[in-house]
């Protein structure tokens, strides 16, 4: 069964600056991809509980700003993949006028509806809480099925069992690379150890893993689920931000750019932060899984 549901169309709960930014983002997406079926705002800005915050713990200052989360629904999987491949160009255009961080995902209508029908709570919550920024009226969303906590718990347990060991495996590969003196490769392995930990967090807390390698975005999303994740990679000082940026670039630069360099001392610091992320991930993911029990 399919219906248009009760998804809101109004952004009246947001300040005018936020509404203007979202209208601009919507118009850029439609201009670049005129055949989109729907553009849906979801997450904290749709619910009205977004955060723009700065706080101190001891001598460390933590900052957090919620992202605009946007789902672009396409007619075909091919179109969704094409948009995903071009997302960096699109987001650069949007950032010329949108100062709030933005995360856009792309899925075809059939996949979205399959996930709603299967009770994947990430997609269910988008339909339940989302704000429709654009609707071509060519497609309908599936009806929401009642999903028991037991199903959510089982999905989260399975995802944790798959992805958290991957994070540990990449960390072991990092240790081996350092021992062999392959420092650039070690940086890549450490990036993957962090990325897999963030992927685990995404799947357990949200039931969805985005096609995303950007550690900065992944870190920001993790903090939105549980502020304690911000303790893994503090960004209060210029040095902390510089080292995190070096790890962020380690997904591509060590493999393809001859000028990428990283020292043992820098790797030692970043490894300690990655281990902190793993400890926090294990602790809070297990607590989240336990919370699914009625």
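The values are calculated or read from the model by the stated rules, or taken from the named source; none is laboratory data. Because the structure is a prediction, the values reported are computed rather than measured. Cβ sites come from the backbone with ideal geometry, for glycine too, and all protein chains shown count toward neighbours.
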Inside region 94-197, counting only helices (runs of 4 or more DSSP H) that do not spill past its ends, which hold 1 or more residues that are surrounded by fewer than 16 Cβ atoms within 10 Å (Cβ to Cβ), in the same structural domain as residue 261 (by TED's automatic domain parsing) and in contact with a helix residue (DSSP H, G or I) (Cβ under 7 Å, 6 or more places away or on another chain)?
149-180
Extreme residue, modelled with the highest pLDDT, among residues of region 2-12 that are loosely packed, with under 14 Cβ neighbours inside 10 Å and in a loop (DSSP other than H, G, I, E, B):
12
Quick check on region 268-283. Is at least one of its residues surrounded by 21 or more Cβ atoms within 10 Å (Cβ to Cβ), under 30 Å from residue 150 (Cα atoms) and either out of contact with any helix residue (DSSP H, G or I) (no Cβ under 9 Å at 6 or more places or on another chain) or modelled with pLDDT of 95 or more (or both)?
yes
Identify, from the list 99, 138, 127, the residue that is modelled with pLDDT of 90 or more, over 21 Å from the mean Cα position of the chain (by Cα) and closer than 22 Å to residue 23 by Cα.
138
Hey, residue 201 hits all of (1) out of contact with any strand residue (DSSP E or B) (no Cβ under 9 Å at 6 or more places or on another chain); (2) more than 24 Å from residue 50 (Cα to Cα) but one; which does it fall short on?
(2)
